[in-house]
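To keep things clear, I will list the structure first and then write my remarks on it.
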């Protein structure tokens, strides 16, 4: 049998230290990745909220013009608002998934409460990636909004 020598003790201490260094390195990589992902999510949320305001305003421009101006959006006509929607839609190709791009395009071509709802639900689904309740929430929201549409 070999006896425990000073060389063995130094090797064990070195391996434990190396393990700690590796663990710290991996943890810092994971934290950096999470921070980048959080920044992307915040950017998408900000862009989606701006799009929601524009899309909602396109449904009743005259009613929403004051709200638009309060948010620094000084459109003089519905056509100017639609031009801005198209610019924002083109920008979505950089960060949004296909279903958000498609439902937003549907709203631009055919503005309606239904197309507005579909675009919002696609955006919410995108922002809630990884949350197990998303399909249930989307279904629940669709049911609630459909019932609202039918009652009005």
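Values quoted throughout were computed directly from the atomic coordinates according to the rules given, and no laboratory measurement underlies them. The model shown is predicted, which means the values in this text are computed figures rather than measured ones. Because the Cβ atoms are built from the backbone with ideal geometry, glycine has one as well, and the counts that use them run over all protein chains shown.
Computed from label points 7 Å out along Cα-Cβ, the spacing between residue 46 and residue 11 is 5.5 nm. If R0 is 30 Å, the Cβ-Cβ spacing of residue 110 and residue 74 corresponds to a FRET efficiency of close to 0.70. For the stretch 15-55, the Kirkwood estimate of hydrodynamic radius, built from reciprocal distances between every pair of different alpha carbons, is 12.5 Å. With both labels modelled 7 Å from their Cα along Cα-to-Cβ, the residue 63 to residue 102 distance reads 2.9 nm.
One quarter of the surface of the convex hull around the alpha-carbon atoms of the stretch 1-69 equals 7.5 nm², the direction-averaged projected area. Under conditions of 25 °C and 0.890 mPa s, the stretch 40-118 yields 193 µm² s⁻¹ as its translational diffusion coefficient, taking Rh as the Kirkwood radius over Cα pairs in the Stokes-Einstein equation.
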